[in-house]
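Engineer: Right, I'll just put the structure down here and ask away after.
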Amino acid sequence: MTDRPSAIAPPIHEIRHLLERSRRVLVASHIDPDGDAIGTQLAFGAFLRHLGKEVYLVREAEAPAKYRFLTGVDQIRPFDEFTTDFAVDTAVVLECPTIDRVGRAACFLTGEVQILNIDHHYDSGSFGTVNWIDPTKSSVGEMAFELFDEYGYAFPGEVAEHLYTAILTDTGRFRFPSTSPRTMEIVGRLIGAGANPKKITDDVYFRLSAPTMKLMGRVLSTIEFHDGDTICLLSLTKQMLDETGADLSDSDGLVDFAMFCDTVEIGGLLKENNGRTRVSLRSRDSINIADVAAEYGGGGHFNAAGCTIPSELADARKHLIEVLKSARRSKRK
Ligand code: 5GP
Ligand code: MN
């Protein structure tokens, strides 16, 4: 059972002290990055350069197309471009439960490297030299804002855009319960600093490619309901990707459609993935879906989580339906 621990908040001077001791800093986030990961990574790049640091941003895979509008996104270099003798003295690691979630760049984070671990997930491990973990925060973008603001940082327009994108996407457009009064104050400050809400929202959500729209149609046509229309599942096959020309990252957000139905309490999207099945799960209110994901070795938030089931889609779906049915009955609290 995953309880929600309180925040681990190091005093600001610990973070300052760590950054004062740094010269060459790597900023990394998790594989399969989302808007929070990419936006906050870029913002940290600008902030640390402002502090006079030599900054390197690394990624395991290409940023999803919808985030390529972000200024400076090409500064996040693929791991393969780093030489084997590459070394830093410090790393900022954003929203990774373990160091492995960074991907192959984890090999740079050994030995003497001091690590600032920043996360807002409650299953985060304390692998850093300094750990700042606060599950009450909507996003690491919000946490980055608080930190930079402590320094009296004058947020340049592009950093305002990066952090706005991070918070916008991780709050599901300011809908999730993690959206606090403070979140909205911060968003207000970011708009004041030059973030354009309409432009950013359109860039992320309303400029879909034709292949993405075609994929959406195919995925929606798989819709199925169980347990008296309280469980709704969608499926995505490799064939759909081949036939529409979309790629897997174009399916981001599709799981939300499963929750658009008024009777649904648990929604899921199953994605065929080389003999295994990636699962995105969502739940309403009191159903702890992170616990369900954890049964398959995954994790996430109380109402939004994910996991990989080590079987083909059809088998995974069959198994998952039973698990979700019993979760509905027993995991309400
Ligand atoms: P999504 O369904 O959008 O991919 O993920 C929802 C949430 O669950 C995100 O916060 C994400 O970080 C988390 N999550 C997704 N897949 C995994 C996983 O395999 N392991 C863990 N620990 N968290 C995951
Ligand atoms: Mn996040």
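The rows are residues; the columns are (1) surrounded by fewer than 20 Cβ atoms within 10 Å (Cβ to Cβ); (2) without any contact (Cβ under 8 Å) to a residue 12 or more places away in the chain; (3) farther than 22 Å from residue 185 by Cα; (4) within 16 Å of ligand 1 (Cβ to nearest atom).
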| site | (1), (2), (3), (4) |
| --- | --- |
| 91 | no, no, yes, no |
| 104 | yes, no, yes, no |
| 111 | yes, yes, yes, no |
| 132 | no, no, no, no |
| 136 | yes, no, no, yes |
| 140 | no, no, no, yes |
| 143 | no, no, no, yes |
| 152 | yes, yes, no, no |
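Engineer: Okay, next question. Report, ordered by the first and then the second residue, all pairs with beta carbons closer than 8 Å, sequence separation of six or more or different chains, a first member in the range 171-184 that is surrounded by 14 or more Cβ atoms within 10 Å (Cβ to Cβ), and a second member that is charged (D, E, K, R).
Structural biologist: 172/256; 176/170; 178/137; 178/170; 182/142; 183/142
Engineer: Got a number for residues in the range 301-316 being open to solvent by 50 Å² or more (accessible area, probe 1.4 Å), under 24 Å from the mean Cα position of the chain (by Cα) and more than 10 Å from residue 283 (Cβ to Cβ)?
Structural biologist: Initially, the range 301-316 is screened for residues open to solvent by 50 Å² or more (accessible area, probe 1.4 Å), giving 301, 310, 312, 314-315.
Now drop any that are not under 24 Å from the mean Cα position of the chain (by Cα), which leaves 301, 310.
Subset that is more than 10 Å from residue 283 (Cβ to Cβ): 310.
Going through the range 301-316 one residue at a time, the tally reaches 1.
Engineer: Let me ask something additional. Show the residue pairs meeting these rules: Cβ distance below 9 Å; 6+ apart or different chains; first residue within the range 275-300 and open to solvent by 30 Å² or more (accessible area, probe 1.4 Å); second residue modelled with pLDDT of 95 or more and acidic (Asp, Glu).
Structural biologist: Within 9 Å, the pairs are 275/312; 276/312; 278/272; 284/265; 285/265.
Engineer: Only residues that are away from ligand 1 (no atom under 11 Å from the Cβ), closer than 15 Å to residue 208 by Cβ and open to solvent by 40 Å² or more (accessible area, probe 1.4 Å): list them for the range 249-260, please.
Structural biologist: Across the range 249-260, the qualifying residue is only 257.
Engineer: Tell me which of these residue 98 doesn't satisfy, since it passes every other one: (1) without any contact (Cβ under 8 Å) to a residue 40 or more places away in the chain; (2) of a type in the set (Val, Ile, Thr); (3) away from ligand 2 (no atom under 16 Å from the Cβ).
Structural biologist: Answer for residue 98: the failing condition is (3).
Engineer: Does residue 72 qualify as being within 16 Å of ligand 2 (Cβ to nearest atom) and either touching a residue at least 40 places away in the same chain (Cβ under 8 Å) or open to solvent by 20 Å² or more (accessible area, probe 1.4 Å) (or both)?
Structural biologist: No: the conditions fail for residue 72.
Engineer: While we're looking at this one, here's another question. Quick one: how many residues across the range 261-274 are away from ligand 1 (no atom under 11 Å from the Cβ) and open to solvent by 20 Å² or more (accessible area, probe 1.4 Å)?
Structural biologist: Residues meeting the conditions: 7.
Engineer: What's the total number of residues in the range 154-164 that are in contact (Cβ under 8 Å) with a residue 60 or more places away in the chain, over 24 Å from residue 131 (Cα atoms) and surrounded by 19 or more Cβ atoms within 10 Å (Cβ to Cβ)?
Structural biologist: Of the residues in the range 154-164, 1 are in contact (Cβ under 8 Å) with a residue 60 or more places away in the chain, over 24 Å from residue 131 (Cα atoms) and surrounded by 19 or more Cβ atoms within 10 Å (Cβ to Cβ).
Engineer: Okay, next question. Could you look through the range 19-33, keep only residues that are closer than 18 Å to residue 102 by Cβ and more than 16 Å from ligand 1 (Cβ to nearest atom), and pick out the one that is most open to solvent (accessible area, probe 1.4 Å)?
Structural biologist: Step one: of the range 19-33, the residues closer than 18 Å to residue 102 by Cβ are 22, 24-33.
Subsequent filtering for residues that are more than 16 Å from ligand 1 (Cβ to nearest atom) retains 22, 24-27.
On the way: 22: 10, 24: 56, 25: 0, 26: 1, 27: 0 Å².
It comes out as 24.
Engineer: Here's another thing I want to ask about it. Filter the range 114-127 down to residues that are away from ligand 2 (no atom under 12 Å from the Cβ) and free of Cβ contacts under 8 Å to residues at least 40 places away in the same chain and give me whichever is surrounded by the most Cβ atoms within 10 Å (Cβ to Cβ).
Structural biologist: Of everything passing the filter in the range 114-127, 117 is surrounded by the most Cβ atoms within 10 Å (Cβ to Cβ).
Engineer: So, one more: Can you run down the residue pairs with Cβ atoms below 8 Å, 6 or more apart or on separate chains, where the first is in the range 306-323 and within 12 Å of residue 224 (Cβ to Cβ) and the partner is away from ligand 1 (no atom under 14 Å from the Cβ) and of a type in the set (Ser, Thr, Tyr)?
Structural biologist: Once the first residue is within 12 Å of residue 224 (Cβ to Cβ) and sits in the range 306-323, its partners that are away from ligand 1 (no atom under 14 Å from the Cβ) and of a type in the set (Ser, Thr, Tyr) give 317/235.
Engineer: Follow-up. Run down 85, 80, 36 and say which single residue is surrounded by 13 or more Cβ atoms within 10 Å (Cβ to Cβ) and either acidic (Asp, Glu) or under 22 Å from the mean Cα position of the chain (by Cα) (or both).
Structural biologist: After ruling out the rest, the residue left standing is 36.
The values are calculated or read from the model by the stated rules, or taken from the named source; none is laboratory data. Everything numeric in this text was worked out from a predicted model, so none of it was measured. Virtual Cβ from ideal backbone geometry, glycine too; neighbours counted across all protein chains shown. For accessibility, only protein heavy atoms count, side chains too; no ligands or nucleic acids. Shrake-Rupley method; radii C 1.70, N 1.55, O 1.52, S 1.80 Å.
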